[in-house]
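Written out below as structure tokens is the structure these notes cover.
Bear in mind that the values in this text are calculations on the coordinates, not laboratory data. The structure presented is a predicted model; accordingly, all values stated were derived computationally and were not measured. Every residue, glycine among them, receives a Cβ derived from its backbone with ideal geometry; neighbour counts consider all protein chains shown.
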Amino acid sequence: MMNLIVAKAENNIIGKDNSLLWHLSEDLKYFKQITLGKTVLMGRKTWESLPFKPLKNRRNVVISSQKDYVANGAEVFTDLDSALEALKDEEVFCIGGASIYKLLLPKCDKLFITQLFESFEGDAAFPEIDTTKWEIKRLSPMLYDEKENIKFRFEVWETKKQ
Ligand SMILES: NC(=O)c1ccc[n+]([C@@H]2O[C@H](COP(=O)([O-])OP(=O)(O)OC[C@H]3O[C@@H](n4cnc5c(N)ncnc54)[C@H](OP(=O)(O)O)[C@@H]3O)[C@@H](O)[C@H]2O)c1
């Protein structure tokens, strides 16, 4: 089972200068609740951007083309296919960044999207979701972060049954 979890701005931006552009404490709690006990799969840059690593109580898997790359507390794969083969019996959550989302979106069963209702300037973006293939199955009420002055909601997307 391949899932993806992301927090994205209204214009699909997810980060800048290898970091996040907002701090939504509700979203961090949600991320933890959804991914705890699962396998988290990420690109090397996202791994490096994590303030605390590895993510506790999760199997951490990093993709890097560097053959000698060491990520303490994580398993490293030099290509996506070998990672997917090794994880084929796991419930995997792709946690970014932009390059890994792009590669894995077509292979996902479910998307856990924190949708912000605000646009940002950044250098990392989530790919456009094809709404002829995907639909929202679950939706939280609109939420509001006072500190950041951002409205957001949690969405769960699944592929449409043909
Ligand atoms: N808002 C969110 O939910 C969210 C979540 C995660 C990340 N982000 C943001 O996303 C940005 C990072 O995204 P990014 O696209 O720049 O980096 P990334 O996807 O995290 O990592 C890119 C790196 O992964 C490795 N990689 C990617 N595809 C590969 C492949 N097919 N085979 C082997 N290695 C591969 C390469 O590492 P090597 O260079 O070592 O080969 C590549 O440089 C940051 O701003 C971060 O804060 C946002």
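Computed quantities for the displayed model
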{"item": "The chain: angle of helix 25-35 to the longest principal axis, Cα-based, in degrees nearest 10", "result": "40"}
{"item": "For the range 1-78 versus the range 83-107, the gap between their alpha-carbon centres in whole angstrom", "result": "11"}
{"item": "Computed lengthening from Ser65 to Met1, 0.36 nm per intervening residue step minus Cα-Cα distance", "result": "20.6 nm"}
{"item": "The range 35-162, Rg to Rh (Cα coordinates; Rh as Kirkwood inverse mean 1/r)", "result": "0.98"}
{"item": "Ranked by how many other beta carbons lie within 10 Å on average, peptides 83-89, 112-118 from highest", "result": "112-118, 83-89"}
{"item": "Computed lengthening from Glu118 to Lys137, 0.36 nm per intervening residue step minus Cα-Cα distance", "result": "4.6 nm"}
{"item": "Value of relative contact order over the range 1-147, rounded to a whole percent, pairs C-alpha under 8 Å and six or more apart", "result": "42"}
{"item": "Selected from Gly15, Leu36, Ser82, residue furthest toward positive end of dipole (the range 2-159; charges at beta carbon)", "result": "Leu36"}
